[in-house]
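*Asks:* This is the structure I have questions about; it appears just below.
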Amino acid sequence: MTAVTIDAAVPLAAELLTPATGIAGARAIAVLIPGSGPIDRNGDARRMPLAIQRQLAEGLAAQGVASIRWDKRGVGATPGSFLATGFHDLVDDALSVVDHVSGRLAGSRVPVVVIGHSEGSAIAARLLAERPALAGGVLLSAYARPGLEVLRWQAQALQPHLPGLVRGILRLLRTDLAAQSEKNRQRILATTGDVARIGGARINARWHREFMAYDPSIDLAASAAPVLAIGGAFDLQSPPEDTVRIADIRTAPTQTEVLDGLSHILRRQPAPSLQAYRGDLRRPIDERIVPLIAGWLDRLPAEGRA
């Protein structure tokens, strides 16, 4: 485990984890891109220790794959303001990490891949378009539509899974959650600054505007790099059907897997449930994820990696 500082618009505090063979003997090096929110290098937010990136890094190291992950702006040891950071800033940061790794490996035959979860899958799509020399990308809990459409889908998907008390209060108040959510989204789209106050809370308004406008399907369709997309049948935050759609919109080699019982946070559930997340965090990510990635990496040379 090696601490690294990435030269970017804001210096990114990062961590490189290599297998026992070291980076020169690794099967590949993975750039691990987290989901939305104030996430650190491990994939943890203050009240939601997902640990997705840490567990991916450790699981991949056991498979002979090196990885690099970092604290977002304004999180952990990285300076800056999380609320003032836009979606495209996060893309630029990830590009800086890719360029750092590629420079470090110059002259080596170790392939570089990007692995993004949720919002990170959309950033990975942009990276595949911006850096065609990347060997490929893995998209976890991904979506293949504009962010605005994802948020609208979420509002509909989550409504039946709200706690009974909350649903009862909404009925008493005659409040349509989807309609109220849409009003808030339109208010955000009308903002112009980096930060805005919506519903009494300060939010990262520029990030929301850029996230809602970006459609990863365009970059995924244009990229020639191999892609592995892994979705969950119980995902309530990214449409599970988008995992299959990724293969439909691409002509490049694409493998898609929609795993039974898998939630958005890559844990297995007996039934779809947002309320179960906190308990799910006590368990590791699904044991099917890392072997699927490792098997896909084995097939990269035959699929014409760059």
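*Asks:* What number of residues within the range 17-35 are crowded, with 21+ Cβ neighbours inside 10 Å and in a loop (DSSP other than H, G, I, E, B)?
*Replies:* So the count comes out to 3.
*Asks:* Would you pick out the residues in the range 43-97 that are of a type in the set (A, V, I, L, M, F, W, C) and surrounded by fewer than 22 Cβ atoms within 10 Å (Cβ to Cβ)? If you could, list the steps in order and put the result at the bottom.
*Replies:* To start, the set of residues in the range 43-97 that are of a type in the set (A, V, I, L, M, F, W, C) comprises 45, 48, 50-52, 56-57, 60-62, 65-66, 68, 70, 75, 77, 82-84, 87, 90-91, 94-95, 97.
Scanning the range 43-97 gives Ala45, Met48, Ala51, Ala61, Ala62, Ala77, Phe82, Leu83, Ala84, Val91, Leu95.
*Asks:* Does Arg69 qualify as being over 21 Å from Ala124 (Cβ atoms) and either assigned to a strand (DSSP E or B) or free of Cβ contacts under 8 Å to residues at least 12 places away in the same chain (or both)?
*Replies:* Numbers: over 21 Å from Ala124 (Cβ atoms): no; either assigned to a strand (DSSP E or B) or free of Cβ contacts under 8 Å to residues at least 12 places away in the same chain (or both): yes.
Spelling it out, it is not the case that Arg69 is over 21 Å from Ala124 (Cβ atoms) and either assigned to a strand (DSSP E or B) or free of Cβ contacts under 8 Å to residues at least 12 places away in the same chain (or both).
*Asks:* Shifting gears a bit: Among the residues of the range 229-238, which ones are open to solvent by 20 Å² or more (accessible area, probe 1.4 Å) and either within 21 Å of Asp298 (Cβ to Cβ) or touching a residue at least 60 places away in the same chain (Cβ under 8 Å) (or both)? Show your work before the answer.
*Replies:* Of the residues in the range 229-238, the ones open to solvent by 20 Å² or more (accessible area, probe 1.4 Å) are 233-234, 237.
Hit for the range 229-238 is Gln237, nothing else.
*Asks:* Could you tell me which of the residues Glu241, Glu210, Glu257 is assigned to a strand (DSSP E or B), open to solvent by 30 Å² or more (accessible area, probe 1.4 Å), closer than 24 Å to Arg145 by Cα and modelled with pLDDT of 95 or more? Give the derivation first.
*Replies:* Values: Glu241 fails: assigned to a strand (DSSP E or B); Glu210 fails: assigned to a strand (DSSP E or B).
After applying the criteria, what remains is Glu257.
*Asks:* Can you tell which of Ser96, Ser67, Ser36 is closer than 26 Å to Leu274 by Cβ and at pLDDT 95 or above?
*Replies:* Numbers: Ser96 fails: closer than 26 Å to Leu274 by Cβ; Ser67 fails: closer than 26 Å to Leu274 by Cβ.
So the residue among Ser96, Ser67, Ser36 that is closer than 26 Å to Leu274 by Cβ and at pLDDT 95 or above is Ser36.
*Asks:* Give me the pairs: first residue in the range 72-92 and modelled with pLDDT of 95 or more, second residue hydroxyl-bearing (Ser, Thr, Tyr) and part of a loop (DSSP other than H, G, I, E, B), beta-carbon distance under 8 Å, and six or more apart or on different chains, which are they?
*Replies:* Pairs that qualify, where the first residue is modelled with pLDDT of 95 or more and the partner is hydroxyl-bearing (Ser, Thr, Tyr) and part of a loop (DSSP other than H, G, I, E, B), are Lys72/Thr78; Lys72/Thr85; Arg73/Ser81; Arg73/Thr85; Gly74/Ser81; Gly74/Thr85; Phe87/Tyr214.
*Asks:* Check Ser141 against each of (1) closer than 21 Å to Ala66 by Cβ; (2) in contact (Cβ under 8 Å) with a residue 60 or more places away in the chain and name the one condition it does not meet.
*Replies:* Here Ser141 clears every test but (1).
*Asks:* So, one more: Considering every residue within the range 1-16, establish whether at least one is over 21 Å from His88 (Cβ atoms), buried (at least 16 other Cβ atoms within 10 Å of the Cβ) and free of Cβ contacts under 8 Å to residues at least 60 places away in the same chain.
*Replies:* For the range 1-16, residues over 21 Å from His88 (Cβ atoms), buried (at least 16 other Cβ atoms within 10 Å of the Cβ) and free of Cβ contacts under 8 Å to residues at least 60 places away in the same chain: present.
*Asks:* If we scan the range 101-124, do we find a residue that is aliphatic (A, V, I, L, M), open to solvent by less than 30 Å² (accessible area, probe 1.4 Å) and free of Cβ contacts under 8 Å to residues at least 60 places away in the same chain? Reasoning before the result, please.
*Replies:* The first filter runs over the range 101-124 and keeps only residues aliphatic (A, V, I, L, M), leaving 101, 105-106, 110, 112-115, 122-124.
Okay, now just the ones that are also open to solvent by less than 30 Å² (accessible area, probe 1.4 Å), so 101, 105, 110, 112-115, 122-124.
After this cut, where a residue has to be free of Cβ contacts under 8 Å to residues at least 60 places away in the same chain as well, the list is none.
No, because not a single residue in the range 101-124 is aliphatic (A, V, I, L, M), open to solvent by less than 30 Å² (accessible area, probe 1.4 Å) and free of Cβ contacts under 8 Å to residues at least 60 places away in the same chain.
The values are calculated or read from the model by the stated rules, or taken from the named source; none is laboratory data. The structure displayed is predicted, hence computed values, not measured ones. Glycine also receives a Cβ, built like all others from the backbone with ideal geometry; neighbour counts cover every protein chain displayed. SASA here: full protein model, heavy atoms, side chains in, ligands and nucleic acids out. Shrake-Rupley method; radii C 1.70, N 1.55, O 1.52, S 1.80 Å.
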